[in-house]
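> My questions all concern the structure below.
Computed from the coordinates by the stated procedures, all read-outs in this text should not be read as laboratory data. Keep in mind that what you see is a predicted model, and the values were worked out from it rather than measured. Positions of Cβ are generated from backbone atoms using ideal geometry, with glycine treated the same way; all protein chains shown enter the neighbour counts.
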Amino acid sequence: LRLILEPTLASRLTGDFRTGKRLNMRKIIPYIASDFRKDKIWLRRSKPSQRKYQVVLAIDDSKSMTENACGHLALESMALIARAMARLEVGEIGVVSFGAGGSTTSDENSAAANDASNTAVRTLHPLGAPFTDQGGPALVSQFTFAQDNTLADQPVVGLLTHLDASLEAARDSSRGGSETLQQLCLIIADGRFHEKEALRRQMREMSQKRGLLVAFIVLDNPKSSVLDMQTVSFANGKPEFAKYLDTFPFPFYTLVQDIAKLPAVISDLLRQWFEITAGG
């Protein structure tokens, strides 16, 4: 991760410049000896040495995580990722939970539905607050994996709507401008949801934003694997079956069954994202 998440914030002095705020003492004698012609004797903070990222971990706190035996794995994943990012000093780390959410499809009560979906997203650790091992137990204790939702609810759509607004506000308030700011949102869940069409629309909007990656980490239980799931659709009255992951609405996603492989999986995912953004 240290190799992939390159420094983006120029904070280290380097030279040589004709103007600046600090003299390069090694250039003073050659400057005098050249009869004051070699005047590139100044240093500027132009060498990237610090990382300027905003990383948000979104953890599914719904009952399905317990039913699919993924709750403990989700907490281990959150702890592993958060500690790795904090050790790398990537910038700001935030943690949110989501679960039951109100429907966002009703025209008549759209405002109330949006409020219901937003209240299901809880900010457990805000961006900008220091992330320490001492605060870990209090953070973990806020997860119950007991939230329930119905077919009318759209918890993941509500999560993306909330993240879109909060990350935009965080970018606007970021010091030093937003041109070097990279935002990573890692959603950790079991990957089982029914709101695929609405998620595709929301993801199309968010994928157009520069410097933002929304990736889905599917925690999979081999005993009831999402790889074995199928979806059914009807064409001319006849059922058609397809693999569940073939219609997965997130362009960047990865499936994890073994927690030990999570660092390598995330590194691979981020490497592909940076290659695509650099090429585009």
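> Restricting to bridges with both residues inside the stretch 164-280, how much of the DSSP beta-bridge set is antiparallel, in percent to the nearest 5?
Given both bridge residues lie in the stretch 164-280, the antiparallel proportion sits at roughly 35 percent.
> Give Lys238/Lys261; Lys52/Lys223; Lys196/Lys238; Lys209/Lys238 a once-over and call out the pairs whose C-alpha atoms are over 31 Å from each other.
Pairs exceeding the cut-off: Lys238/Lys261; Lys52/Lys223; Lys209/Lys238.
> For Lys38, list the aspartates and glutamates whose Cα falls under 13 Å from its own Cα; do not include residues on the same chain fewer than 8 positions away.
Within the straight-line limit of under 13 Å, Lys38 reaches these aspartates and glutamates: Asp16.
> Out of the stretch 178-280, which trypsin sites (Lys or Arg not before Pro) are coil in DSSP terms and have no more than 15 other C-beta atoms within 10 Å?
Lys209, Arg210
> Another question, then. Only sites in a loop by DSSP and with at most 16 other Cβ atoms within 10 Å count here; which chymotrypsin sites (Phe, Trp or Tyr not before Pro) in the stretch 127-214 make the cut?
none
> Which value results for Rg/Rh of the stretch 178-280 when Rg is the Cα radius of gyration and Rh the Kirkwood radius based on the inverse mean 1/r?
Rg/Rh: 1.02.
> Report, in whole Å, the centroid distance computed from the Cα atoms of the stretch 214-280 and the stretch 71-99.
Going from one Cα centre to the other spans 20 Å.
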